[in-house]
Amino acid sequence: MQLEKIISISGKPGLFRLISQLRTGFIVEDIATGRRTNINNSSQVSLLDNIAIFTVDGEAPLFDVLESIAKKFDYKHAISHKSASQELRSLMDEVLPEYDAGRVYESDIKKMLQWYNLLQKAGFITPESFVKPETSEETSDKESVEDTAETK
């Protein structure tokens, strides 16, 4: 998945792609401008891969919600994060009907849509970007099942 190294840095607008880790911090690239910069270890960094949206019975990973938005808008630009409150809530009802309206604030929806549109404009929102690679554990399980089937 090409979205797994995308981060948000507290206090800096936009999204960044993690390029490399240094002893004193990280090298990141702004996904909108392509400019690289260093950030130090004291910066608050959030991997988008670790963010989730509250649902009535738990949490939904952010990438699953972004994928639902992408499918709704045919992998094109979504509505603006500056849209009316009712329009934002209506979109959430469509893409994640089980979201917890009491714990998911309008500012959360705006941030998510802003991120989606940034990612889409930068070329990260494609059908291929949401395909999860197989882990080595899944692969080894499949191989053991195939080995068992061949011996019978």
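Values quoted throughout were computed directly from the atomic coordinates according to the rules given, and no laboratory measurement underlies them. A quick note: this is a predicted structure, and the numbers were derived from the prediction, not measured. With ideal geometry, Cβ positions are generated from the backbone for all residues, glycine too; neighbour counts draw on all protein chains shown.
Listing for the model above:
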read-out: Selection from Val104, Leu91, Ser80 lying farthest towards where the dipole of the stretch 52-130 points positive, charges on Cβ; value: Ser80
read-out: Sequence-separation-based contact order of the stretch 6-48, relative, with Cα cut under 8 Å and 6+ spacing, percent; value: 39
read-out: Ile19 long-range amide H proximity, modeled H, under 5 Å; value: Ile27, Val28, Glu29
read-out: Hypothetical label at Asp64: residues of the stretch 89-133 whose amide nitrogen lies under 12 Å (7 Å Cα-Cβ projection); value: 96-99
read-out: Listed pairs Lys5/Lys76; Lys82/Lys110; Lys5/Lys71 exceeding 18 Å between Cα atoms; value: Lys5/Lys76; Lys5/Lys71
read-out: Estimated distance in nm for a label pair at Ser80 and Leu18, the labels positioned 7 Å out from Cα along Cα-to-Cβ; value: 3.4
read-out: Under the Karplus curve 6.51 cos²θ - 1.76 cosθ + 1.60, θ = phi - 60°, whole-Hz ³J(HN,Hα) for the stretch 26-38, x wherever Gly or Pro sits; value: 9, 9, 10, 10, 5, 6, 7, 9, x, 6, 9, 8, 9
read-out: ³J(HN,Hα), Karplus 6.51/-1.76/1.60, whole Hz, each residue of the stretch 3-15, x for Gly, Pro; value: 8, 6, 10, 8, 10, 10, 10, 4, x, 10, x, x, 10
read-out: Virtual paramagnetic centre 7 Å along Cα→Cβ of Asp108, amide N under 14 Å, in the stretch 64-96; value: 65-66, 89, 92-93, 96
read-out: Per principal axis, descending, Cα span of the stretch 52-130 in whole Å; value: 33, 25, 16
